[in-house]
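Presented below is the structure to which this report refers.
The values are calculated or read from the model by the stated rules, or taken from the named source; none is laboratory data. Note that the coordinates shown come from a computational prediction; the quantities given were computed from them, not determined experimentally. Protein only, heavy atoms only, side chains kept; ligands, DNA and RNA dropped before computing areas. Shrake-Rupley method; radii C 1.70, N 1.55, O 1.52, S 1.80 Å.
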Amino acid sequence: MGTVRLIEYSGKYKEQLSAFHLPEKQLEFTSMPLEKIHNQHISDNTAHVLIVEDEEPVGYFALEDGEKLHKYSENEQARLLTSFSIDSGRQGKGLAKKGLRLLPAFVRDHLPGVDEVVLGVNKRNTAAISLYLKTGFEDEGEEYVGPKGPQHVLHLKV
């Protein structure tokens, strides 16, 4: 396995991300990277983050602030992790775990002042819940009922 890093999205990865594939079952819980990157309803301050292995994007997530964050946290120094995904051809290789373990250092380096990452994960998405808990997120017993059902709210201190 090659070197895994987190980097901010730039247009040079657009073509590679257009070939990104996710199974229908996963699209119930996330969105395609380019759809999220070009979504005009998210904050301009959103950090679009790629998980790259040897310079090839293998995963994506967004770190949002603003109105959506406030549904999950009252912490003004937090960011909301959304749209986490790993390209279907690269799943099962530990890339999600490696990428998430790099998250605290990435936040400290790229988002000064941010001291926490929060996320909502659908209670039916047991694989994702397990992944987040293994990579340092904590379940403080909070729940958010979203349009796709109840979600665990998980916290990662950075």
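Straight-line cross-link reach from Lys14 at under 12 Å between alpha-carbon atoms covers these aspartates and glutamates, not counting any fewer than eight positions away in the same chain: Glu35, Glu56.
Protein-only accessible surface at a 1.4 angstrom probe places the residues Val145, Val52, Val114 in the order Val145, Val114, Val52, largest first. Take every DSSP beta bridge whose two residues both sit in the range 53-126; close to 65 percent of them are antiparallel. Across Glu116, Glu74, Glu143, mean-square fluctuation computed from a Gaussian network of the chain (C-alpha pairs under 10 Å connected) peaks at Glu74. Quick one: grab the alpha carbon gyration tensor of the chain, order the square roots of its eigenvalues as a ≥ b ≥ c, and give me rounded if a/c is under 1.5, else prolate or oblate depending on whether a/b is larger than b/c. Cα axes put the chain in the rounded bin. Annotation: amide H of Phe84 within the under-5 Å range of Ala62, sequence separation 5 or more or interchain, hydrogens built in the peptide plane. Decide, for the range 18-69, between rounded, prolate and oblate: order the square roots of the alpha carbon gyration tensor eigenvalues as a ≥ b ≥ c, take rounded if a/c falls under 1.5, and otherwise choose prolate if a/b is larger than b/c, else oblate. It comes out oblate by the Cα gyration axes. Over the chain, dividing the summed -39,500 (n - 2.57) contributions of all DSSP H runs of at least 4 residues by the number of residues returns a 222 nm mean residue ellipticity of -5500 deg cm²/dmol. Would you mind checking which residues have amide H under 5 Å from Gly59's amide H? H placed 1.01 Å from N; only 5 or more apart, or other chain. Result for Gly59 returns Ile51, Asp87.
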